[in-house]
1. Highest first, please rank the peptides 41-47, 225-231 by the mean number of other Cβ atoms sitting within 10 Å of their residues.
2. I'd like the per residue volume of the convex hull spanned by the Cα atoms of the range 34-108, given in cubic angstrom.
3. Fewest first, what order do F206, F161, F197, F252 take by the number of other Cβ atoms within 10 Å?
4. I need D234, D40 ordered by Cβ neighbour count within 10 Å, fewest first.
5. By count of other Cβ within 10 Å, fewest leading, how are I250, I77, I162 ordered?
6. By how many nm would the segment from Q151 to A223 grow when fully extended, if each residue of separation counts as 0.36 nm and the alpha-carbon distance is taken off?
Amino acid sequence: MDIRQKPKHLYEFGSFRLDAGEHQLLRDGQTVSLTPKAFDLLLTLVEHHGRLLEKEELFKAVWPGSFVEESNLSSNIALIRKALGGGGAGERFIETVPKRGYRFVAEVRKISPEFPNELILEKAGSSANVAPQPIAAAPQPHSRRGRRWAQPILFLALGAFISAVVWLIVFKRSSALPLLKITPFTSFVGRETDPSFSPDGAQIAFAWDGEKGDNSDIFVKQAGTEALLRLTTDPAEDTDPLWAPDGHAIAFTRVTAEGAEWIMSIATSCWRKIFAEGCLKNLFEQTAKSGKQVFAH
């Protein structure tokens, strides 16, 4: 909707004179201090006195093209009422219509700038008897709030663009990769624990308590086949298999009444006690670092 520029009238109400051209509020000839936005808001209310102005109309007239919180409107209304006398004095000029807007209800005398000695008497009436008039937007410099919102919006748009590009790159790369197939090494009945791969990765040693789940022994399985080699059959619990660095022997723990012991098992199914608990594992680690053979098959 096009808004035509109105002539700059003088308005008088009570002991106040509002000079639209000079952007000045006087009380008994003395200047009353108001912020620019508070003055624009008061001028808009006075120009449309007697009419209920919706909050959205006031936003468009006083803050055109800007995002303004409702608290800004109410705080400027409070400043105007304080300037007009505060307390009940300010309230008698501006009426609050809850959840809708505000109405200037005092009697207004409009003075034409062409005829300064001629008064145009206008009384505030009910909004039902006053024909709605378009509100002229208050002239103002470029809004700082508009500039403040433009920068975050630009950054958000740039971030969304970068995220979309990265997603497309990752999606294309992931689509080109072959699908991985998960294949179990073992699927026996019972509990299979303590897996240990041979140095060449071709075999896996593990502890299995058998189909009945009554005793844990050490087994070796060739990767990619169903061939299963059982290394121990002792009634004691055999756990924690560990490959020797050369892959020709396996150490494991045998839990007995006297305590856990490390046992050496050769691929020929020969086994014997080598060290006390924990020593063989450390020895294997030292052997792997030095490359020396520290035990015989």
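1. 41-47, 225-231
2. Values: hull volume 6.2 nm³, N = 75.
Spread over its residues, the Cα hull of the range 34-108 gives 82 Å³ apiece.
3. Numbers: F206 20, F161 10, F197 15, F252 25.
Lowest count first: F161, F197, F206, F252.
4. Starting with the residue having the fewest Cβ neighbours, the order is D234, D40.
5. The most exposed by this proxy come first: I162, I77, I250.
6. Length difference between fully extended and current span is 19.9 nm.
Rule-based calculations on the coordinates, nothing more; no lab input. Fair warning: this is a prediction, and the values are worked out from it, not measured in the lab. Cβ: placed from backbone, ideal geometry, glycine included. Neighbour counts: every protein chain shown.
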